[in-house]
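What follows is calculated from the coordinates using simple rules that are stated; it is not laboratory data. Note that the structure is a prediction, hence the values are computed from the model and not measured.
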Ligand SMILES: Nc1ncnc2c1ncn2[C@@H]1O[C@H](COP(=O)(O)OP(=O)(O)OP(=O)(O)O)[C@@H](O)[C@H]1O
Ligand SMILES: [Mg+2]
């Protein structure tokens, strides 16, 4: 294969990123890249800064030092309008769902289509909403309000909303936490399908190493403000870094141990 064909487009590039929230230094020298069409899982213990990392990528949390490039655009240099254009190309699944309480499920999912000039008619929008709700196992809930949904159902609507406008990049913050194993498996499969069928680039923050092993091309571990390790799943679980091993062993009970042994 000629060298040029091997050049892969970088969708996210972070270099020496430092982010302090209040008096807490959360990110302290992040180096990370994500290629087009790649699924990167980001793991790490609770409170270590995974959500902050995603929000920095989405331009929702300011950073004090370093470079963050998304779709080739430098976030600290781009205008509000450029930032909006970048956001239009991405979907974000917030950890808590963050649905609009005053909108129905259908209105929540249709929202990203309505704020963009999607060129779709009202009927086409509703058809798309119906299909996406189907895909996340939420068919028939169009007219419910978020307060009528369980935590896991809200999460699935949040995922549907992030997928609705067919973004090129999707950032998921704990997409399967609070879901039962069957539903988690369906969401894991959906994450994989988005990439396999539509070439979407995805960054998935997760506590669930077993899921990450199934769908990720690479797993990166965040610890003390830095990406301390990053490798394809089968290599990641065998890295000798003690923090990685502690995380892998802590997660590796029952089926996962067998699963890792089979890799
Ligand atoms: N707005 C804020 N002001 C001050 N500190 C904050 C703010 N947001 C988050 N933090 C702190 O930053 C650290 C990282 O938080 P973050 O939510 O990114 O962690 P996380 O890895 O996503 O955790 P979890 O796995 O529990 O979701 C935490 O110590 C948190 O208390
Ligand atoms: Mg979080």
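With N as its number of residues, region 131-255 has a Cα radius of gyration that, divided by 2.2 N^0.38 Å, comes to 1.15. Using only the Cα atoms of region 4-59, each taken as one equal point scatterer with no solvent, compute I(q) by the Debye sum, divide by I(0), and report log10 of the ratio at q = 0.17, 0.23, 0.25, 0.27 Å⁻¹. Log10 I(q)/I(0), no solvent term: -0.61, -0.99, -1.12, -1.24.
Computed from the alpha carbon positions, the gyration tensor of region 187-241 leads to an equivalent ellipsoid with semi-axes of 22, 12, 10 Å, biggest first.
For region 5-115, taking the reciprocal of the average inverse distance between every pair of different Cα atoms yields a Kirkwood hydrodynamic radius of 15.6 Å. Derived value for region 154-206: Kirkwood hydrodynamic radius 11.2 Å. Basis is the mean of 1/r over every pair of different alpha-carbon atoms. For the chain, the 222 nm mean residue ellipticity estimated from helices alone, with every DSSP H stretch of n ≥ 4 adding -39500 (n - 2.57) and the total spread over all residues, rounds to -12000 deg cm²/dmol. Against the empirical curve 2.2 N^0.38 Å, the C-alpha radius of gyration of region 55-119 lands at a ratio of 1.29. In plain terms, the C-alpha convex hull of the chain casts an average shadow of 15.8 nm² when viewed from every direction. Sorted largest first, the spans of the alpha carbon positions of region 97-166 along the three principal axes are 33, 21, 19 Å.
Evaluating kT/(6 pi eta Rh) at 20 °C and 1.002 mPa s, with the Kirkwood radius of region 46-180 over Cα pairs in the Stokes-Einstein relation, gives 136 µm² s⁻¹.
Relative contact order of region 97-166: 53 percent, from C-alpha pairs under 8 Å at least 6 residues apart in sequence.
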